[in-house]
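Take a look at the structure set out below.
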Amino acid sequence: MSFKDQILQGIPNELPQPKVYDSNINHAPKRKDILSIEEKKLALQNALRYFDKKHHSILLPEFKEELDTYGRIYMYRFRPDYKMYARPIDEYPAKSKQAAAIMLMIQNNLDYAVAQHPHELITYGGNGAVFSNWAQYLITMKYLAEMNNEQTLVMYSGHPLGLFPSHENAPRVVVTNGMMIPNYSKPDDWEKFNALGVTQYGQMTAGSYMYIGPQGIVHGTTITVLNGFRKIKKEPKGNVFVTSGLGGMSGAQPKAGNIAGCITVCAEVNPKITQIRLDQGWIDEKITDLDELVSRVKKAKAEKEIISIAYLGNIVEVWEKFDEANIKIDLGSDQTSLHNPWAGGYYPVGLSFEESNDLMANQPELFKEKVQESLRRHAKAINKHTANGTYFFDYGNAFLLEASRAGAHVMAENPTIGREFKYPSYVQDIMGPMCFDYGFGPFRWVCCSGKPEDLAKTDAIACEVLEEIMKNSPSEIQQQMADNIQWIKGAQENKLVVGSQARILYADAEGRMKIAKAFNDAIERGEIGYVVLGRDHHDVSGTDSPYRETSNIYDGSRFTADMAIHNVIGDSFRGATWVSIHNGGGVGWGEVMNGGFGMVIDGSKEAKKRLKSMLFWDVNNGISRRNWARNEGATFAIKRAMEVEPNLKVTIPNIVDHDLLETI
């Protein structure tokens, strides 16, 4: 069968042959055995309902074996035979070009070069899934091929509920992931209900079909590292940035370090993903011996090299060894998946990768003890370095949160609301006040033609737009503009594309709208093909996350989620092609609500109207909330927005004299 025929058939009438388990692929770790006997029966019923009754007797023992072996039912037998990658939009069988663009993005998320665990439909973060099983993928792609522009596909945590009548200006797809009743958002709740097949962890851009490989976080990490060095008044060259994690998004760290111009040491315990990052060029060298690592870093410092080094081993050992060897760490962070600490997100020191995976599946309580013991040791080593001048920041992966829960010494001596920890979140010190408050966040686009020359043209268009905007930008945002222009000029040479022909840059509402309009005009002139606009959920408005995106909000509202919910509601009726809202994100199940969108622009007048309406709201919703929290930069930005748009009227806070408060 052709690719198109396979898409259109959905779940095949006749069972395909079972798939051989490919040990060369990076697979998800075995999940812990959490279901009772009766719950396992329910999980099997839930899985079999996707298939004709005539197949149940064959599939039942197969699915039971998957559940017993891996802790989940992935339905490996139904994994497609065709190559998984983002094809040019015209190669998809679809009545709606908007639907075809979504199919393209789904396949990009599952591309072997992009996805962390492609056979388990997990894109990044250890558990960030596009779907829970392959039946969901097959049905969804069939629905997208069949739908017209007066229908909306409703997605319940990976499950395609169905096509519903709507209208041309409605979203083509509405996605929810992990939207639990609040009292059922503990880590074990995810384990249980995901194993039952009734919910999934969409991370941020995995379950919303907007992941573009590690490039998506390279830019944000580059900005963070650059401004981290600016904060400590050092230039990056010849100085050391130490971090950990090479899987999924965190693979961006060494590439960002190279772009920023420092020496990056990134530890990773998984041999497969370390080799993948080396082969992809995201790291320059791989070292497996601590003494060799010390010698190599000393040489790099002496010669002021710009280099990224992966240490295949545990990050705790690096912090401890560098203290022993008297190697000064200038910047320090961590990007292991500590939102998922008990199921492969963080590996304890003192155990091999294989031993950890065995313990995780078969002795989960002992594994948890080992993780917490490791976190205490990890924090102790960091504390030694910070006492000697290292600037350490939490990179929004719940490191400080889980370390505190483990009893590590990471709490502030004099805590205040929003500053409970000894070390700041990178949003508190860098991204929040410098970027989010002013409306700058991770705007991204994908060229649906699949042509590298289209990406080069969009890069040039974006650069031209930014340079023109910068001429009249206020002094408050000149640095942000300059950093973005430098980024987009170097984007091609840094070879950031993995999977689709995509690009990311940090832009504010003005930049996003003007760049999007320029793209739409270029499409209308026939210079480039269709473009999908989007962003990371990690942005100005999309996410309510008290320990990351909204950690620099100090009015007590950082534990509320109104902004993220309003964001996705507003985007849906202002012209987004698809919208999503998730529980979980990059900091943990029950710790965040985050929303995203995708928008297809086709060169039409209707697209021009939609992009202006939606992008303005998508950014200024968050600036308004940050302004109300008394963030000075956000008040400046929203006042400026009101001058541009007469229909915008936002409540401005009155500032209380602190001396008056002292009289209480």
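The values are calculated or read from the model by the stated rules, or taken from the named source; none is laboratory data. Bear in mind that the values here come from a model prediction, so they are computed numbers and not experimental data. We place every Cβ from the backbone using ideal geometry, glycine too, and count neighbours over all the protein chains shown. Note: accessible area is taken over every heavy atom of the protein model, side chains too, but ligands, DNA and RNA are not part of it. Shrake-Rupley method; radii C 1.70, N 1.55, O 1.52, S 1.80 Å.
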Criterion violated by Ala637 - all others in (1) open to solvent by 50 Å² or more (accessible area, probe 1.4 Å); (2) on the phi < 0 side of the Ramachandran plot satisfied: (1)
Elements of type helices (runs of 4 or more DSSP H) contained in region 331-443, each with 3 or more residues being under 24 Å from Val240 (Cβ atoms): 364-386, 399-405
Residue that is crowded, with 21+ Cβ neighbours inside 10 Å, in a loop (DSSP other than H, G, I, E, B) and modelled with pLDDT under 95, where the choices are Ala94, Ala86, Ala115: Ala115
Residue match in region 237-252 (condition: part of a loop (DSSP other than H, G, I, E, B) and open to solvent by 20 Å² or more (accessible area, probe 1.4 Å)): yes
Hits in region 147-157 - residues which are surrounded by fewer than 24 Cβ atoms within 10 Å (Cβ to Cβ) and either in contact (Cβ under 8 Å) with a residue 60 or more places away in the chain or out of contact with any Lys or Arg (no Cβ under 9 Å at 6 or more places or on another chain) (or both): Glu150, Val154, Tyr156
Test set (1) under 19 Å from Phe393 (Cα atoms); (2) surrounded by fewer than 18 Cβ atoms within 10 Å (Cβ to Cβ) - Glu324 fails condition number: (1)
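Residues in region 47-79 that are part of a helix (DSSP H, G or I), touching a residue at least 60 places away in the same chain (Cβ under 8 Å) and among the small types (Gly, Ala, Ser): how many?
Number of matching residues: 1.
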Which numbered condition Gln428 misses (of (1) buried (at least 24 other Cβ atoms within 10 Å of the Cβ); (2) in contact (Cβ under 8 Å) with a residue 60 or more places away in the chain; (3) within 20 Å of Val540 (Cα to Cα); (4) polar (S, T, N, Q)): (1)
Breaking point among (1) closer than 19 Å to Ala381 by Cα; (2) open to solvent by 60 Å² or more (accessible area, probe 1.4 Å), for Glu355: (1)
Residue within region 486-508 that is among the small types (Gly, Ala, Ser), within 14 Å of Gly441 (Cα to Cα) and open to solvent by less than 50 Å² (accessible area, probe 1.4 Å) present: yes
Selection status of Leu331, open to solvent by 10 Å² or more (accessible area, probe 1.4 Å), in contact (Cβ under 8 Å) with a residue 40 or more places away in the chain and either farther than 24 Å from Lys233 by Cα or among the hydrophobic types (A, V, I, L, M, F, W, C) (or both): no
Residue match in region 211-230 (condition: open to solvent by 50 Å² or more (accessible area, probe 1.4 Å), of a type in the set (D, E, K, R) and touching a residue at least 12 places away in the same chain (Cβ under 8 Å)): no
Qualifying residue in region 402-423 (condition: charged (D, E, K, R), more than 27 Å from Asp555 (Cα to Cα) and open to solvent by less than 60 Å² (accessible area, probe 1.4 Å)): no
Residues (open to solvent by less than 60 Å² (accessible area, probe 1.4 Å), of a type in the set (A, V, I, L, M) and in a loop (DSSP other than H, G, I, E, B)) located in region 3-39: Ile11, Leu15, Ile25, Ala28, Ile34, Leu35
Failed criterion for Thr140 (all others in (1) part of a helix (DSSP H, G or I); (2) buried (at least 24 other Cβ atoms within 10 Å of the Cβ) hold): (2)
Among (1) assigned to a loop (DSSP other than H, G, I, E, B); (2) over 25 Å from Gln363 (Cα atoms) - the single one Asn109 does not satisfy: (1)
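Hey, could you check region 360-378 for residues that are open to solvent by less than 30 Å² (accessible area, probe 1.4 Å) and at pLDDT below 95 and say which is farthest from Ser404 (Cα to Cα)? Step through it out loud before you land on a result.
Step one: list which residues in region 360-378 are open to solvent by less than 30 Å² (accessible area, probe 1.4 Å), which gives 360-361, 367, 371, 374-375, 378.
Filter again for at pLDDT below 95, leaving 360-361.
On the way: Met360: 21, Ala361: 24 Å.
It comes out as Ala361.
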Residue count, region 334-348 (criterion: touching a Lys or Arg at 6+ places or on another chain (Cβ under 6 Å) and open to solvent by 20 Å² or more (accessible area, probe 1.4 Å)): 1
Pair list, Cβ < 6 Å and 6+ apart or interchain, from region 162-175 residues that are touching a residue at least 24 places away in the same chain (Cβ under 8 Å) to residues that are among the hydrophobic types (A, V, I, L, M, F, W, C) and part of a loop (DSSP other than H, G, I, E, B): Pro171/Ala576
Search result, residues across region 287-308 that are open to solvent by 80 Å² or more (accessible area, probe 1.4 Å) and not polar (S, T, N, Q): Asp291, Glu292, Lys298, Lys299, Ala302, Glu303, Lys304, Ile306
Residue match in region 576-599 (condition: of a type outside the set (Lys, Arg), in contact with a strand residue (DSSP E or B) (Cβ under 7 Å, 6 or more places away or on another chain), open to solvent by less than 30 Å² (accessible area, probe 1.4 Å) and part of a helix (DSSP H, G or I)): no
Matching entry among Asp618, Asp657, Asp562 (being under 27 Å from the mean Cα position of the chain (by Cα), surrounded by fewer than 20 Cβ atoms within 10 Å (Cβ to Cβ) and either within 22 Å of Cys435 (Cβ to Cβ) or among the acidic types (Asp, Glu) (or both)): Asp562
